[in-house]
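The values are calculated or read from the model by the stated rules, or taken from the named source; none is laboratory data. Keep in mind that what you see is a predicted model, and the values were worked out from it rather than measured. Virtual Cβ from ideal backbone geometry, glycine too; neighbours counted across all protein chains shown.
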Amino acid sequence: MLNRLRNSLKFQVERLLLRGAYARLLFISTLVGIVAIAGGIVVQATDTPFDDNKSAVWWAFLRLTDPGYLGGDEGLARRAISSVLTVLGYVLFMGSLIAIMTQWLNQKIRNFERGLTPIALRNHVLILGWTNRTPAIVEELMHAEGRVRRFLRRRRARSLHIVILAEDVSLEDTIDLRKSLGEVSKAGKITFRSGTPLIFQHLERVDFLHASVIILPGADFAYGSANESDTLIVKTLLSIVKHARLSSKESLPLLVTEIFDPRKAPMARAGYHGILEVLASDVFIARCMAQNVRHPGMSGVFQEILSHGHGFTIFLRELELFSGSRFGDLMLSMPNAILLGVVRPHGESFRPLLNPPKELMLEATDRVVFLARKYEDCEIIANDSLPHPGDERRGFAPAYVREHRRILILGWNHKVAAFLDEVKRYVREEFEITVMSLVPVTERETELNRRGIQAHGIRLTHCEGDYTSPTELEALQPGSYDNVMLVGSHWLETQEESDARTIIGHLVLQNVLEGMPDKPKILVDLMDPDNIELFDDINTEVLVTPTIASHVLAQVALRRELNVVYEELFGAGGAEIFLRRVSDYGISGKMIAFEVLKEVSEQCGEIVLGARTLRHGLRLNPQPDDACILGELDDLIVLVAEDES
């Protein structure tokens, strides 16, 4: 019975202490009070009692809380009691109070680090999820200072503030992010919060209804598979709409998200009741791969166009004062920028008109699309001395492309299916494709059938094997192909493992191709940009596909019209970036200025973006008076219309 009573008392004390700092302070205060009362009663029983019990208790309490009173006591009994009370004061009052306050502060700091406290912001950029896209998205937002300023100005906001909602916020994530940002890192501009967007309290924690834009990235590895990532994104969109209704919010922020399987994009649009921009990343990456396979060297163009701080970028600008003007009249009025076309509102979305006829009349709601190093380069310079493009376009033979191309794909992931679907769209070309991977052939065929991809127009061959094995790779005779693609292995658990396998495969491939006079062009699909430096082969190009998707997501978040521009530029049909040999123009071996190249390309119904030369490499948008001698093997980078390609 006594043991049960003792255990019951311990249990009640335990429950009290676990309630938090306030309960612990109450417990210690109660003990201090009990000791003070007991000390007062004891001192009253000595030969020098106080006048009343209250004075005795107060005397005992002062000795508990302040040891300085110890020297003022007289008499052996009172000094002995005072000494005991002073020692108990050190233990109960000072020691326990410091311990409780220290523990409370540490717990609060841990909660702050975990991001459990709600925020109160307006017009912030909210990123839902920590994936392999998130650091690159933040980096792009930090680099795009001019575009961010214009974005904030349209929303009447003062400064950029990025809020990241992640399931597990750790100090390591924050350090890694600041390390990746480098010089552009601004600690006060980034806030982490812990939680999942599927829970209302967690969405409220990041003040999602007052965000200027919400970015919802996908993940190659974080959620298990591309299909699971798409499912989670659609559920998140439904969750945001549901919780917005609970808050009686009439309008939702602009949301930019990534869907791997393009067939799920209509479901995402139907699930979100606000303005939604969807990047079908598998299709977009597949288009980049197809363009690079058809035009080796395009990876450098992608690097410049799709990221800030790496050269020239695509901008949009309203030019209401030029409403009613001809598109052709503006083309030579921007000496520091290249006019690509316009984006015109079309219902709730936009319609791109890239490389349009020069007779196209501009409307007040049009956004002019241009390529430049900075936004201010698109200023219109009225100069009557500038030559105006003629109305007649002389006939020009379609640019040369290899009619029959043999491609070897090493590895398998969800982007390969999208790539196979993309190359079918180039009806003037024939593709013979061999895919080698450890993924069983039946599993690959099942994925193609599930996504409704039929290999019509493609001679597709599947084989099982390990491309990191020199013997198995040699059996495929990779030197007999025009192109070799090394793709990431999404069946591995992490992107580090995927890149490690890709790197080993590239080394094996180089060893197999060593000594061959006419080597195939190699395209590598990487996950981590830090590994680019490991590929120094002049015959190898690298696409860091998560970074490409991240840059597009960030740019579309700041200017949603860019989504339709990129879809047009990188897809089959419509306007397309092309590499055309200088010899096609009959200007090889001549000293020629870029301004003259503009005129020549305009007469051919094209827009020249720059040149890729063996001597100078890639040069986008040179100054009009920049002149150089172009060789027969050099290429012009041009924007052509659908019937030109």
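If I filter segment 600-609 for residues that are over 14 Å from Leu371 (Cβ atoms) and of a type in the set (Ser, Thr, Tyr), do I get at least one hit?
Within segment 600-609 (the criterion being over 14 Å from Leu371 (Cβ atoms) and of a type in the set (Ser, Thr, Tyr)), the answer is no, since none of the residues qualifies.
Modelled with pLDDT of 85 or more and in contact with an Asp or Glu (Cβ under 7 Å, 6 or more places away or on another chain) - does that describe any residue in segment 365-380?
Yes - at least one qualifying residue is present in segment 365-380.
Out of Thr502, Thr468, Thr494, I need the residue that is of a type in the set (Val, Ile, Thr) and surrounded by fewer than 15 Cβ atoms within 10 Å (Cβ to Cβ). Which one?
Thr494
Can Arg580 be described as without any contact (Cβ under 8 Å) to a residue 60 or more places away in the chain and among the charged types (D, E, K, R)?
No, not satisfied.
Filter segment 347-379 for residues that are in a loop (DSSP other than H, G, I, E, B) and under 18 Å from Glu576 (Cα atoms) and give the result.
Asn355, Pro356, Pro357, Lys358
Considering only residues that are assigned to a helix (DSSP H, G or I) and not aliphatic (A, V, I, L, M), which ones fall in segment 500-519?
The answer is Arg501, Thr502, Gly505, His506, Gln510, Asn511.
In this structure, does Arg344 turn out to be assigned to a strand (DSSP E or B), more than 28 Å from Leu128 (Cβ to Cβ), modelled with pLDDT of 90 or more and of a type in the set (Lys, Arg)?
In short, yes.
Note down all Cβ pairs under 8 Å where the first residue falls in segment 200-215 and is closer than 12 Å to Ala120 by Cβ and among the β-branched types (Val, Ile, Thr), the second is buried (at least 19 other Cβ atoms within 10 Å of the Cβ) and modelled with pLDDT under 90, and they're at least six residues apart or on different chains.
Within 8 Å, the pairs are Val206/Arg193; Val206/Gly195.
For segment 603-616, does any single residue satisfy the condition of being among the acidic types (Asp, Glu), surrounded by 20 or more Cβ atoms within 10 Å (Cβ to Cβ) and not in a helix (DSSP H, G or I)?
yes
Can you tell me which of (1) crowded, with 19+ Cβ neighbours inside 10 Å; (2) in a helix (DSSP H, G or I) is the one Asp584 doesn't meet?
Here Asp584 meets the rest and fails (1).
Report, by residue number, each residue of segment 55-108 that is modelled with pLDDT of 70 or more, surrounded by fewer than 16 Cβ atoms within 10 Å (Cβ to Cβ) and of a type in the set (Lys, Arg).
Arg79
Yes or no: Phe151 at pLDDT below 80 and of a type in the set (Phe, Trp, Tyr)?
Spelling it out, it is not the case that Phe151 is at pLDDT below 80 and of a type in the set (Phe, Trp, Tyr).
Look through Ile522, Ile458, Ile503 and report the one residue that is of a type outside the set (Asp, Glu) and modelled with pLDDT under 90.
Just a single option satisfies the conditions, and that option is Ile458.
Conditions tested, residue by residue: (1) in the same structural domain as Thr131 (by TED's automatic domain parsing); (2) within 28 Å of Arg351 (Cα to Cα); (3) of a type in the set (A, V, I, L, M); (4) not in a strand (DSSP E or B).
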{"site": "Ile592", "(1), (2), (3), (4)": "no, no, yes, no"}
{"site": "Glu599", "(1), (2), (3), (4)": "no, yes, no, yes"}
{"site": "Leu618", "(1), (2), (3), (4)": "no, no, yes, no"}
{"site": "Gly631", "(1), (2), (3), (4)": "no, no, no, yes"}
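Quick one: Val542 ticks every box in (1) in contact with a strand residue (DSSP E or B) (Cβ under 8 Å, 6 or more places away or on another chain); (2) part of a loop (DSSP other than H, G, I, E, B) bar one, so which box is it?
(2)
Of all residues in segment 551-565 being of a type in the set (D, E, K, R) and under 19 Å from Ala265 (Cα atoms), which is nearest to the chain's Cα centre (by Cα)?
Arg560
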